[in-house]
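The values are calculated or read from the model by the stated rules, or taken from the named source; none is laboratory data. Bear in mind the structure is a predicted one, so any value in this text is a computation, not a measurement. Backbone-built Cβ (ideal geometry, glycine too); neighbour counts: all protein chains shown. Protein only, heavy atoms only, side chains kept; ligands, DNA and RNA dropped before computing areas. Shrake-Rupley method; radii C 1.70, N 1.55, O 1.52, S 1.80 Å.
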Amino acid sequence: QVPLKPGRSLMDWIRLTKSGKDLTGLKGRLIEVTEDELAEHNKKEDCWICIRGFVYNVTPYMEYHPGGEDELMKAAGTDGTDLFDQVHRWVNYESMLKECLVGRMAVKPIAAPKDEACCICSVFLQQIPENEAGLCMKTFISMYCYISFFVFSHQKTDVYDWFQTDSLITIVIYTKQKDMNAELVIVDCQDKRLRGEIIVDDHSYLVEVGSNSVKPFSLLVNIAEKIGKVEIILKKKDSIHWKMLGRPLESHNTFIKRTDRGLFYRKCKLVSKTEVTHDTKLFCLMLPKSTHLRVPTGQHVYLKKIIAGTEVVKPYTPILPFLPLDFKEPSCNAGAHIYLMIKIYSCGLFTQALDHLQIGDCISVSNPEGNFKKSQVQTLEDLFLLAAGTGFTPMVKLLNFALTEVSCLRKVKLIFFNKTEDDILWRNQLEQLALKDERFEVQFILSQPTKDWVGKQGKISSSLLSEFVKRSRKYSKVLICICGPTPFTEQGVQ
């Protein structure tokens, strides 16, 4: 992110979009945009961008973009969908830029795909006479060839089955993935809809049907890890025989890339909010009772809230409720709660809205996202964690996993950067953990210490890191993880 000028906050942008000002330059007209026309609008003072077939005039948004003008200019006058998905596909651009909508991209004619069958058809077509009946026959055969090819090349393969007794419905999904586990299975059963998503590497398989004949809060998920079988068990409302599982919804029985699957949200209830430091709080959110969701180590979720009529979304990394000194996640939660440690900014539109939530209020929470794999840690000897402020949050579960599960681990070192002593999150817990486990060490570094501070001070630098980041032995296998504000992360990577 870059510093924005005064009067260029998210709230200021929302006010501008509701002011009635013409932000497209077209006086409310929607137009069809060709590629050539889109390419002409490629300057800061005249910038159009296409996202998923829709064109937006982002010129007025330039000074409000948290990533800066240069990031928007990377897609100026072009289709920016891929770039958008790489950086923040979770952002609801339709809501944020709805007053900037220019129109839709002009559709280019699509040539029918060619294969052996189409070639045979084309030979046959050449033999049909050029009269009215012949032209009708040619049209029919051409369409049949195209549709047949499309259907057969896009066929879905059922990998699930379902069974029933008088009282239960059991859906069985065969993944053939030998390391299937609870973190790879996400099931929601509410609002008369059953949605079961299975993560297979970078793909996602979905069973999604409409059903109002299931008892609420009756969900049970069983996973046979070694053979990759997932069972979703539900109780029937009435002891009647079902003729079908439920009405198939649009994405039912699909297997696609995770990045192509839209984010799914469920409403979670705030059950507690406790102070961690003067400006940071620990939020405990309860999942709906008919939801099975485990957030994997190193992954995050998105919180979504409507603020002043605009949908605002932000990512946060779930943590444990505390640092367990016996290195076990508290079993009392049983995956029913999500804990988020969030810094409340005095001028932060979203965090202020979160802070004003009352116990019992709901907020939308997405499925987990992220590329971190536990396999990156399982053969490590040395793990170094560089964190600044709430960049500490992704380190919590990782720290617990490493000290619990990685038998070859020799050293884990957290180098924790903060402004003042009052900003240090969970200082006592970290110091206790260092005393409890000789493999763990923590180093606090302050950039704005008081004169009483006797520890290290400064900002992230080569000299500081060379002092603290040292292997336990000459050729040990090392992983370094870093998280914090963008300048901190970029400097650390360098």
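Exactly one condition in (1) among the aliphatic types (A, V, I, L, M); (2) farther than 22 Å from His300 by Cβ; (3) open to solvent by less than 40 Å² (accessible area, probe 1.4 Å); (4) part of a helix (DSSP H, G or I) is not met by Val396; state its number.
Checking Val396 against (1) among the aliphatic types (A, V, I, L, M); (2) farther than 22 Å from His300 by Cβ; (3) open to solvent by less than 40 Å² (accessible area, probe 1.4 Å); (4) part of a helix (DSSP H, G or I), the one that fails is (2).
What is the one condition in (1) open to solvent by 20 Å² or more (accessible area, probe 1.4 Å); (2) modelled with pLDDT of 95 or more that Ala387 does not satisfy?
(1)
Just checking, which of Lys235, Lys281, Lys243, Lys226 is more than 23 Å from the chain's Cα centre (by Cα), over 16 Å from Asp188 (Cα atoms) and either part of a strand (DSSP E or B) or without any contact (Cβ under 8 Å) to a residue 12 or more places away in the chain (or both)?
Just one listed residue meets the conditions, Lys243.
Please work out which residue is farthest from Lys257 (Cα to Cα), limiting yourself to the stretch 199-223 and to residues that are in a loop (DSSP other than H, G, I, E, B) and open to solvent by less than 30 Å² (accessible area, probe 1.4 Å). Don't jump to the end; show me each part of the working.
Within the stretch 199-223, the first condition is being in a loop (DSSP other than H, G, I, E, B), and the residues that meet it are 201-202, 211-213, 215-219.
With the extra rule that they be open to solvent by less than 30 Å² (accessible area, probe 1.4 Å), the set shrinks to 211, 218.
Values: Ser211: 26, Ser218: 30 Å.
Looking at the filtered set, the residue picked out is Ser218.
Kindly check whether there is at least one residue in the stretch 204-218 that is modelled with pLDDT under 90 and of a type in the set (Asp, Glu).
Looking for residues that are modelled with pLDDT under 90 and of a type in the set (Asp, Glu), one finds none in the stretch 204-218, hence no.
Of these, Leu293, Leu303, Leu287, which one is over 28 Å from Ile171 (Cα atoms) and open to solvent by less than 30 Å² (accessible area, probe 1.4 Å)? First the steps, then the outcome.
Numbers: Leu293 fails: over 28 Å from Ile171 (Cα atoms); Leu287 fails: over 28 Å from Ile171 (Cα atoms).
Answer to the selection: Leu303.
Would you say Val172 is in contact (Cβ under 8 Å) with a residue 12 or more places away in the chain, more than 13 Å from Thr291 (Cα to Cα) and buried (at least 20 other Cβ atoms within 10 Å of the Cβ)?
When the stated conditions are applied, Val172 does not pass them.
Considering only the stretch 473-486, state which residues are closer than 25 Å to Lys397 by Cα and at pLDDT 90 or above.
Listed by number, the residues that qualify are Ser476, Lys477, Val478, Leu479, Ile480, Cys481, Ile482, Cys483, Gly484, Pro485.
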